[in-house]
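See structure below.
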Amino acid sequence: GSTVGRDAMKTLIISPHIDDDVLGCGGIMDEHTMVLYCGANEEHIVGNWIKKRPSYDVRIEEADKVRVYLNNQYTLLDFKPNEYHKEKTDMIYAIEQYINFIQPDEVYIPHPSYNQDHQTVYDASLVAMRPHDVNCFVKKVMIYEQPQAYLWEGKDDFKPNYFVPINIDRKIMAYELLQSQVRSFRSPELLKAMSVVRGHQSHTPHAEAFKIIRR
């Protein structure tokens, strides 16, 4: 949870899992950033394989390492990964209430991609931030990119129109603190390559790209 007053939290990143925030927004995360993690994996067997994913405690330890390094804060909800769709209504309410409490200047939400949890969080976030007379109206809402987003050709295909220059070495260092989540299909090398492409598109050495929903 946060140890910083809510007035200091200007940016809210809604992250399906503990790593999506760094993958998509690691370059812009700082002391004014609050991350809302929707859930963290418990230790479990994957399919029929005798293979266990990192335990809940490991994920929290890694999130804490990132928090110390980037100086951000985070709050963890207790939704169960891979089953978010079953509690979509509850997730909408949780996000809505959290936004009303934090009252951020800007919110970043995940690209839906092909991941069912990302799709649910994306949909729930949009509903939670709909114009409403009793809810906080966030003036700046953006979708952040994920390494696998280019494989997606479904709804809201990622077409960035907002770019932020970043320190790519700082972002990669934060990602490598999430040791259990570093994978070949979202390698540090890929993150750097993506930042170069987005940098060329915006006339800067390295950048992160976003799609504006409301600004």
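Taking each residue as 0.36 nm, the span from residue 55 to residue 85 lengthens on full extension beyond its C-alpha to C-alpha distance by 8.6 nm. Once C-alpha pairs closer than 8 Å and six or more residues apart are averaged by separation and normalised to the residue number of the chain, the relative contact order reads 23 percent.
The P(r) of the stretch 116-215 has a tail past 23 Å containing 37 percent of all C-alpha pairs. Taking square-rooted eigenvalues a ≥ b ≥ c of the alpha carbon gyration tensor, is the chain rounded, prolate or oblate, where a/c under 1.5 means rounded and, failing that, a/b exceeding b/c means prolate? Rounded.
Sorting 90, 21 by solvent-accessible area of protein heavy atoms yields 90, 21, largest first, with a 1.4 Å probe. Once all protein chains are placed together, residue 23 keeps about 10 Å² accessible to a 1.4 angstrom probe.
You can think of it this way: the chain between residue 159 and residue 140 has 5.1 nm of extra reach, that is 0.36 nm per residue less the Cα-Cα gap. Of the residues 199, 119, 15, the one whose Cα sits farthest towards the positive end of the charge dipole of the chain is 199 (charges of +1 on Lys and Arg Cβ, -1 on Asp and Glu Cβ, taken about the Cα centre). Listed cross-link partners 80/192; 88/140; 86/171; 65/192; 139/192 are compared with a 25 Å cut-off, the Cα-Cα value being larger for 80/192; 86/171; 139/192. Over the residues of the chain, the helix contribution to mean residue ellipticity at 222 nm works out to -10500 deg cm²/dmol, using -39500 (n - 2.57) for each DSSP H run of at least 4. Within the set of other residues whose C-beta is less than 10 Å from the C-beta of residue 145, count the net charge using Lys and Arg as +1 and Asp and Glu as -1. Its environment carries a net charge of +1. With every protein chain in place and a 1.4 angstrom probe, the accessible-area ranking of 109, 212, largest first, reads 212, 109. When each full DSSP H helix of the chain is screened for a Cα extent of at least 27 Å along its own axis and an average Kyte-Doolittle hydropathy of at least 0.5, none passes. Projecting label points 7 angstrom from Cα along Cα→Cβ for residue 173 and residue 202 puts them 2.1 nm apart. When only the Cβ of Lys, Arg, Asp and Glu is charged (+1, +1, -1, -1), the dipole of the chain relative to its Cα centre reaches about 460 debye. Length available on full extension from residue 126 to residue 183: 0.36 nm per residue minus the Cα-Cα distance, which gives 17.6 nm.
The values are calculated or read from the model by the stated rules, or taken from the named source; none is laboratory data. Worth saying up front: this structure is predicted, and the values here are computed from it rather than measured. With ideal geometry, Cβ positions are generated from the backbone for all residues, glycine too; neighbour counts draw on all protein chains shown. Just so you know, the surface numbers come from the protein's heavy atoms only, side chains and all, with ligands and any DNA or RNA stripped out. Shrake-Rupley method; radii C 1.70, N 1.55, O 1.52, S 1.80 Å.
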